[in-house]
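Enquirer: A single structure is presented below for examination.
The values are calculated or read from the model by the stated rules, or taken from the named source; none is laboratory data. The shown structure was predicted, so the numbers you read here are calculated from the model rather than taken from an experiment. Please note: Cβ atoms are built from the backbone with ideal geometry, for glycine as well, and neighbour counts cover all protein chains shown. Only protein heavy atoms, including side chains, enter the accessible area calculation; ligands, DNA and RNA are left aside. Shrake-Rupley method; radii C 1.70, N 1.55, O 1.52, S 1.80 Å.
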Amino acid sequence: MTFIVYSFIGWLWESFYCSIKARHFVYRGFLLGPYCPVYGFGVAAVLLLVPEHAGTLLNLYFNIVVIVTIIEFVTSWLLEKLFKMKLWDYTHVPLNIEGRVAVPVSLFWGVGCLLLIKIINPMIQEGIHDFIASTNNLGPIVLAGLFLSDVLSTLFFTLTTKKEVEAVVDTSDPENAAIKEFRLKHLITNHKSSINRTKVLQLIESKPKQLKHHNLSRIIKNYPNLRFHK
């Protein structure tokens, strides 16, 4: 339940921030449902792996920074290897590793997780306990089933549209190393849509309305800074 709750909170944060940035509602997330799993994994891992008695706040903080850095790196690597996607790129941020993680970003997340552990999480856990009790332990099972169905369907939709997307992608652009969103470089505004992104949107519009194309269209429209490659 902790994973699901924080995935949903992460989705709320991303959708709120990106909606303000884009000046219209943006439904964030790679999956169909309202959750961003990287937030759920991150918080759940921090809560599980950080020692209960980590000592001083400084010791606790650096424990958190190490954990969130590893999670962000692994998540970025998996997305790129499985889906040819890179949803964030810290190449231009100082002290980065392969553009997947960067020290300034990890330090920022460390502060956020520290506040979460000390202030927010106790209230969240109380709410989770009440939810489980009120649903006779069925609530978490239903939510887990919905989430698993979403993951499997999104994986299927992504794989079945992969060849269609590759057919219209122009590989002559040397910057098309992956699908990228330059989050730190474009904190306030989105940069101009890439040619390949426009081509893929045109391809989708020319196709019969199928769920797999709807999912791909949603992702592309809500990630305006994406880059594609074959």
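Enquirer: Going through the stretch 9-38 one residue at a time, which ones are small (G, A, S) and farther than 17 Å from L116 by Cβ?
Expert: Within the stretch 9-38, S15, S19, A22, G29, G33 meet the criteria.
Enquirer: Select from the stretch 128-154 the residues that are open to solvent by 70 Å² or more (accessible area, probe 1.4 Å) and either aliphatic (A, V, I, L, M) or not in a helix (DSSP H, G or I) (or both) and list them in ascending order.
Expert: Within the stretch 128-154, N136, N137, L138, I141, V142, L146, L148, L152 meet the criteria.
Enquirer: I'm trying to understand the selection: among the residues of the stretch 8-19, which are touching a Cys at 6+ places or on another chain (Cβ under 6 Å) and of a type outside the set (F, W, Y)?
Expert: Answer for the stretch 8-19, where residues must be touching a Cys at 6+ places or on another chain (Cβ under 6 Å) and of a type outside the set (F, W, Y): G10, E14.
Enquirer: Okay, moving on. What are the residues in the stretch 4-13 that are hydrophobic (A, V, I, L, M, F, W, C), free of Cβ contacts under 8 Å to residues at least 60 places away in the same chain and open to solvent by less than 40 Å² (accessible area, probe 1.4 Å), if any?
Expert: W11 - this is the single residue of the stretch 4-13 that is hydrophobic (A, V, I, L, M, F, W, C), free of Cβ contacts under 8 Å to residues at least 60 places away in the same chain and open to solvent by less than 40 Å² (accessible area, probe 1.4 Å).
Yes/no matrix, rows are residues, columns are (1) over 24 Å from V26 (Cβ atoms); (2) touching a residue at least 40 places away in the same chain (Cβ under 8 Å):
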{"residue": "G40", "(1), (2)": "no, no"}
{"residue": "H53", "(1), (2)": "yes, no"}
{"residue": "V65", "(1), (2)": "yes, yes"}
{"residue": "I70", "(1), (2)": "yes, no"}
{"residue": "W88", "(1), (2)": "no, yes"}
{"residue": "N96", "(1), (2)": "yes, no"}
{"residue": "G99", "(1), (2)": "no, no"}
{"residue": "V103", "(1), (2)": "yes, no"}
{"residue": "L116", "(1), (2)": "no, yes"}
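Enquirer: Which ones in the stretch 42-51 are part of a loop (DSSP other than H, G, I, E, B) and either β-branched (V, I, T) or touching a residue at least 60 places away in the same chain (Cβ under 8 Å) (or both)?
Expert: Within the stretch 42-51, V50 is the sole residue that qualifies.
Enquirer: Separate question: Looking only at the stretch 8-29, which residues are of a type in the set (G, A, S) and at pLDDT 80 or above?
Expert: If the condition is that a residue be of a type in the set (G, A, S) and at pLDDT 80 or above, then G10, S15, S19 are the ones that fit.
Enquirer: Where residues in the stretch 58-92 are over 23 Å from L116 (Cβ atoms) and touching a helix residue (DSSP H, G or I) at 6+ places or on another chain (Cβ under 7 Å), which of them is surrounded by the fewest Cβ atoms within 10 Å (Cβ to Cβ)?
Expert: F83
Yes or no, residue by residue, for (1) within 18 Å of F8 (Cα to Cα); (2) among the hydroxyl-bearing types (S, T, Y):
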site: C36; (1), (2): yes, no
site: F41; (1), (2): yes, no
site: L49; (1), (2): no, no
site: T56; (1), (2): no, yes
site: I67; (1), (2): no, no
site: E72; (1), (2): yes, no
site: W77; (1), (2): no, no
site: K86; (1), (2): no, no
site: N96; (1), (2): no, no
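Enquirer: Next up: Out of the residues in the stretch 14-41 meeting the condition of being open to solvent by less than 10 Å² (accessible area, probe 1.4 Å) and in a helix (DSSP H, G or I), tell me which one is nearest to I128 (Cα to Cα).
Expert: Selected residue: G40.
Enquirer: Do you know which residues across the stretch 93-108 are surrounded by 15 or more Cβ atoms within 10 Å (Cβ to Cβ) and of a type in the set (A, V, I, L, M, F, W, C)?
Expert: Once the filter is applied, which keeps residues that are surrounded by 15 or more Cβ atoms within 10 Å (Cβ to Cβ) and of a type in the set (A, V, I, L, M, F, W, C), the stretch 93-108 yields V93, V101, A102, V103, V105, L107.
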